Ligand SMILES: Cc1ncc(C[n+]2csc(CCOP(=O)(O)OP(=O)(O)O)c2C)c(N)n1
Ligand code: SF4
Ligand SMILES: [Mg+2]
């Protein structure tokens, strides 16, 4: 390759994003695979750790920013998204990642999802969906299936699950995908694509809880169930087809990109910057003041 066509060399490798903190997840927890996939995706993107802000809520999965070398904020249960939005607005040059659990994102924090989606703030939201409250020892979560027996539902859940994919698609998200640590390489490339997407990107990760989760959610079972969307010839630009496939959440394990808007709306932070440029002081001089109030010069 000639000097003129040479591409800049990416100076980062996966281990540059790995912090010295040793994860305290249970051995075999799916979240180990998720953080590995994030390291790989970030290495492929090549932004320096100090250019990345990683925000989470509270839960086992929400420990994830601490295991990276990015700026991390393990915040308040259910409040990761508003904090991540504030960071992105304050410094749009940062690469902002947001992560947490199904409880964090779709129970206590569920009200925030609609607003980050409709604003289209350029951040990537990774939900480790284990269909249980892991940290608090195995209570029902909003994505738990009907009939599930847990620490808080001795006779089985009487509620149907929230479908995270339909939830964000329904509010108009421009990038919606699903992955599993059972396919680490696939998950890393989904996360990379989500980060590169210019706008809000949602990745639902079927990350098994080996301590309180269900047998059929463990990595071995997932490997047998997985169906990459690419193998179905799904066109990710087709939103209606994406909605149709997303309905199978809980029954089928589709992986890959459900929807990628080929013509995404402008990001909120770009619009804010534009508005700031359009604004000017109402009056710069005494003559301006008189003009504004339609007064005649004395
Ligand atoms: C305001 C508030 N309410 C409740 C809790 C207790 N709490 C901590 S984590 C959690 C749920 C965790 O489940 P999830 O978000 O799915 O994460 P996981 O542990 O499964 O990764 C709850 C209810 C809290 N910390 N703060
Ligand atoms: S309780 Fe479940 S989610 Fe939490 S660390 Fe253990 S296996 Fe993972
Ligand atoms: Mg959970």
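The values are calculated or read from the model by the stated rules, or taken from the named source; none is laboratory data. The structure presented is a predicted model; accordingly, all values stated were derived computationally and were not measured. Positions of Cβ are generated from backbone atoms using ideal geometry, with glycine treated the same way; all protein chains shown enter the neighbour counts.
Hey, residue 128 hits all of (1) more than 16 Å from ligand 2 (Cβ to nearest atom); (2) within 21 Å of residue 213 (Cα to Cα) but one; which does it fall short on?
For residue 128, the exception is condition (1).
Are any residues in the range 207-216 more than 10 Å from residue 29 (Cβ to Cβ) and more than 11 Å from ligand 3 (Cβ to nearest atom), and if so, which ones?
Narrowing the range 207-216 to residues more than 10 Å from residue 29 (Cβ to Cβ): 212, 214-216.
Residues satisfying the conditions are 214, 215, 216.
Just the residues that are part of a loop (DSSP other than H, G, I, E, B), more than 22 Å from residue 190 (Cα to Cα) and more than 12 Å from ligand 1 (Cβ to nearest atom), please, taken from the range 121-155.
Initially, the range 121-155 is screened for residues part of a loop (DSSP other than H, G, I, E, B), giving 121-123, 129-132, 134-138, 140-149, 151-152, 154-155.
Add one more test, that the residue is more than 22 Å from residue 190 (Cα to Cα), and what stays is 132, 134-138, 140-142, 144-149, 151-152, 154-155.
Result: 145, 146, 147, 148, 149, 154, 155.
What are the residues in the range 143-166 that are over 18 Å from residue 229 (Cβ atoms) and either in contact (Cβ under 8 Å) with a residue 60 or more places away in the chain or within 17 Å of the chain's Cα centre (by Cα) (or both), if any?
Kept after step one, since they are over 18 Å from residue 229 (Cβ atoms), are these residues of the range 143-166: 143-162.
143, 145, 148, 150, 151, 161, 162, listed by residue number.
Among what's in the range 178-197 and is outside any helix (DSSP H, G or I) and within 13 Å of the chain's Cα centre (by Cα), pick the residue that is farthest from residue 269 (Cα to Cα).
Residues of the range 178-197 outside any helix (DSSP H, G or I): 178-180, 197.
When the remaining residues are screened for being within 13 Å of the chain's Cα centre (by Cα), the result is 178-179, 197.
Numbers: 178: 26, 179: 28, 197: 15 Å.
So the residue we want is 179.
Output the residues belonging to the range 108-133 that are within 9 Å of ligand 3 (Cβ to nearest atom) and either over 13 Å from the mean Cα position of the chain (by Cα) or closer than 24 Å to residue 265 by Cα (or both).
We begin by selecting, within the range 108-133, every residue within 9 Å of ligand 3 (Cβ to nearest atom); these are 127-133.
If the condition is that a residue be within 9 Å of ligand 3 (Cβ to nearest atom) and either over 13 Å from the mean Cα position of the chain (by Cα) or closer than 24 Å to residue 265 by Cα (or both), then 127, 130, 131, 132, 133 are the ones that fit.
Within 10 Å of ligand 1 (Cβ to nearest atom) and within 21 Å of residue 202 (Cβ to Cβ), is that true of residue 99? Walk me through it before giving the result.
Values: within 10 Å of ligand 1 (Cβ to nearest atom): yes; within 21 Å of residue 202 (Cβ to Cβ): yes.
Here the answer is yes, as residue 99 does meet what is asked.
Within the range 40-68, track down each residue that is surrounded by fewer than 21 Cβ atoms within 10 Å (Cβ to Cβ) and free of Cβ contacts under 8 Å to residues at least 60 places away in the same chain. Reasoning before the result, please.
From the range 40-68, those surrounded by fewer than 21 Cβ atoms within 10 Å (Cβ to Cβ) are 40, 43-51, 66; that's our starting set.
Listed by number, the residues that qualify are 43, 46, 47, 48, 49, 50, 51, 66.
Take residue 84 and decide whether it is modelled with pLDDT of 95 or more, surrounded by 21 or more Cβ atoms within 10 Å (Cβ to Cβ) and either in contact with a helix residue (DSSP H, G or I) (Cβ under 6 Å, 6 or more places away or on another chain) or more than 19 Å from residue 222 (Cβ to Cβ) (or both). It would help to see each step written out before you state the result.
Numbers: modelled with pLDDT of 95 or more: yes; surrounded by 21 or more Cβ atoms within 10 Å (Cβ to Cβ): yes; either in contact with a helix residue (DSSP H, G or I) (Cβ under 6 Å, 6 or more places away or on another chain) or more than 19 Å from residue 222 (Cβ to Cβ) (or both): yes.
Judged against the criteria, residue 84 is a match.
For the range 208-247, give me each residue that is touching a residue at least 24 places away in the same chain (Cβ under 8 Å), assigned to a loop (DSSP other than H, G, I, E, B) and more than 16 Å from ligand 1 (Cβ to nearest atom).
234, 236, 237, 247
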